[in-house]
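Following: one structure in structure tokens, then a few remarks.
The values are calculated or read from the model by the stated rules, or taken from the named source; none is laboratory data. Quick caveat: nothing in here was measured; it's all calculated off a predicted structure. Cβ placement follows ideal geometry from the backbone for every residue including glycine, while neighbour counts extend to all protein chains displayed. Accessible surface areas use protein heavy atoms only, side chains included; no ligands, DNA or RNA. Shrake-Rupley method; radii C 1.70, N 1.55, O 1.52, S 1.80 Å.
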Amino acid sequence: MEVLDTAIAAVILPYIAGSLSATTDEATWVLTSYLVANAVVLPASSWFALRFGRRNFLLFCIALFTFASFTCGAAQSVGMILISRAVQGAGGGALQPLSQSILLESFPPQKRGAAMALFALGVVVAPVLGPTLGGWLTDQFTWRWAFYINIPIGVVATFLIMRFVKDPPYIQSAKPGKMDGIGLGLLAVWIGTLQVVLDKGQEDDWFGAIWIRWAVAILLIALVAFLIRELVIKNPIVNLKIFKDRNFAMGCILISAVGAVLYAMITLLPLFYQTLMNYTAWAAGLAVSPRGIGAILIMPVVGVLTAKVDNRYLIGGGFLVFAWSAWWISNLTLNVSQWSLAWPIIISGVGTGLMFVPLATASVGTLSNEQMGNATGLFNLLRNIGGSIGISLAETFVARRQQVHRGELSRYLSPSPLVHNTLLRLQTYMSLHAGPRLARLRALSIFQNNLDQQSVLYSYVDDFRYMVALCILCLPIVFMFRPVKAKRGAASVGH
């Protein structure tokens, strides 16, 4: 539900803006406020779990997430929903690493692969279901139900955790020390600033805007100060020394790349269907939903293969399969139907499933249980940051490459006899319904629309081919992992 909420909110933004009398720019802060609070809590979740008990902290986060979901749905103003979304993001940020740590330690080694494959299935499918579910709830009821739907699930989750989840001995006896308030503050500043810059950069012309230059300067200063502090103090809020483990360091680099290509594709395809093909949010959600089929089919297989095959080959295969699907999609045209891209979308789901669980297995395969909480927080944080960077770059490339392709295509219009004859025929047809001047303007308008559509289409093609290049560049990094001896159902944080 936590992952689903991000995707759902992206679809219902226009409805929120209309209902609360907000501009589109104001409504986008509904996403930004959630992501900033979510990202800040993620790496700090390990300290809070040690300080207050993992079970108690998990219960608190679920209660906070559920309560904030109610206040989001009941919001009557932009200010109220922004505050509620920030609180919801803070509550949701710790749910991912805490859940993974509990699963890792609750299952015996022979069952961990299957357990984490099932966990990762929910994570991979949730962003696909988000647009479809959000569109359906909004069409059938109201956008408020996209938040209210969390409440019964939160209540059930609270009851089950109280009944079944217990803290291990090392959590009960842990002494994390005094809270590193300065470190947490610096973390909040650089992550929050980074998220705002990524969300608003393209909108405000990146470094063409003075405020973005200042924001990047603040980001870099806060980041350097954070890194220095966390490396020198005795009880840091985030233990960065875990990056000395080569497998974990390589895994974090690769999960950032996975987040970038995955969330870029999840963002671009619905955008393509809605802007160029004039699909509704519901229809666009249905068009991209086959990705869930690929993930559902491959996850049980991955749960078995992680115990029998070198994870490096599975990860490399996942990147190749995803690259193949992105290349296939990059051949799209304006003549595609709703299901023309079904097969490459399914294959992208297969590639994602092949990457997630084996990648996490190799990343934490050399870490102890005591390091898992810190590792899962950082692992998820870098996946989220990679996703935010991927979405921001994808949207920027669409806008900038559109201008490049428009300039290239327009060179072929004026001197072409075919273009001249086509324009003449259109003008003749339009003259049946208007005067000569208006007929010519309408004919030129048709050319203008076609030129704009083709320019945008080619910018999408470029984006998908950039994804292919990134996947190929990741392959050498995969084989920098130290081999982890595959146990039946080896441990994983496959998020």
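Things to note:
- Scanning the range 175-188 for residues that are open to solvent by less than 30 Å² (accessible area, probe 1.4 Å) and either within 27 Å of Ser69 (Cβ to Cβ) or assigned to a helix (DSSP H, G or I) (or both) turns up Gly183, Leu187.
- Among the residues making up the range 8-43, those that are touching a Pro at 6+ places or on another chain (Cβ under 8 Å) and either more than 22 Å from Ile151 (Cβ to Cβ) or surrounded by 23 or more Cβ atoms within 10 Å (Cβ to Cβ) (or both) are Ile8, Val11, Thr24, Ala27, Leu42.
- Only one of Gly130, Gly122 that is farther than 23 Å from Leu378 by Cβ and within 16 Å of the chain's Cα centre (by Cα): Gly130
Each row is one residue, and each column tells you yes or no for (1) crowded, with 20+ Cβ neighbours inside 10 Å; (2) more than 27 Å from Phe379 (Cα to Cα); (3) among the basic types (Lys, Arg); (4) touching a Cys at 6+ places or on another chain (Cβ under 8 Å).
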| residue | (1), (2), (3), (4) |
| --- | --- |
| Ile242 | no, no, no, no |
| Arg246 | no, no, yes, no |
| Ile255 | yes, no, no, no |
| Val261 | yes, no, no, yes |
| Ala264 | yes, no, no, no |
| Phe272 | yes, yes, no, no |
| Thr275 | no, yes, no, no |
| Gly285 | yes, yes, no, no |
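- Test: Ala326 is touching a residue at least 24 places away in the same chain (Cβ under 8 Å), farther than 30 Å from Gln202 by Cα and of a type in the set (Gly, Ala, Ser): no
- Of all residues in the range 439-457 being of a type outside the set (D, E, K, R) and in contact (Cβ under 8 Å) with a residue 40 or more places away in the chain, the one that is surrounded by the fewest Cβ atoms within 10 Å (Cβ to Cβ): Gln453
- Just one of the listed residues (Ser46, Ser77) is farther than 21 Å from Thr6 by Cβ and buried (at least 24 other Cβ atoms within 10 Å of the Cβ), namely Ser46.
- Residue pairs meeting the criteria (Cβ under 6 Å; at least 6 apart or on separate chains; first open to solvent by 10 Å² or more (accessible area, probe 1.4 Å), in the range 189-202; second not in a helix (DSSP H, G or I)): none
- Among the residues of the range 343-368, those identified as under 19 Å from Ala114 (Cβ atoms) and open to solvent by 10 Å² or more (accessible area, probe 1.4 Å) are Val350, Leu354, Gly365.
- Some residue of the range 168-179 being free of Cβ contacts under 8 Å to residues at least 60 places away in the same chain, closer than 23 Å to Ile385 by Cα and not β-branched (Val, Ile, Thr): no
- Any chance Trp136 is open to solvent by 50 Å² or more (accessible area, probe 1.4 Å), at pLDDT 75 or above and farther than 24 Å from Cys61 by Cβ: yes
- Residue in the range 217-233 that is surrounded by the fewest Cβ atoms within 10 Å (Cβ to Cβ), counting only those that are among the aliphatic types (A, V, I, L, M) and within 13 Å of Gly192 (Cβ to Cβ): Ile218
- Condition check for Arg85: basic (Lys, Arg) and either open to solvent by less than 10 Å² (accessible area, probe 1.4 Å) or within 22 Å of Pro152 (Cα to Cα) (or both): yes
- Test: residue in the range 402-411 that is under 27 Å from the mean Cα position of the chain (by Cα) and surrounded by 15 or more Cβ atoms within 10 Å (Cβ to Cβ): yes
- Taking first residues from the range 205-219 that are β-branched (Val, Ile, Thr) and partners that are modelled with pLDDT of 85 or more, the Cβ contacts under 7 Å between residues at least 6 apart in sequence or on separate chains come to Ile212/Val197; Ile212/Trp206; Val216/Val197; Ile218/Val189; Ile218/Thr193.
- With respect to the conditions (1) under 30 Å from Leu254 (Cα atoms); (2) not in a helix (DSSP H, G or I), Tyr412 falls short on a single one, namely (1).
- Some residue of the range 158-168 being closer than 30 Å to Val302 by Cα, open to solvent by less than 40 Å² (accessible area, probe 1.4 Å) and modelled with pLDDT under 75: no
- Condition check for Ala360: touching a helix residue (DSSP H, G or I) at 6+ places or on another chain (Cβ under 9 Å), within 30 Å of Ile237 (Cβ to Cβ) and part of a helix (DSSP H, G or I): yes
- Qualifying residue in the range 99-115 (condition: open to solvent by 10 Å² or more (accessible area, probe 1.4 Å) and modelled with pLDDT of 90 or more): no
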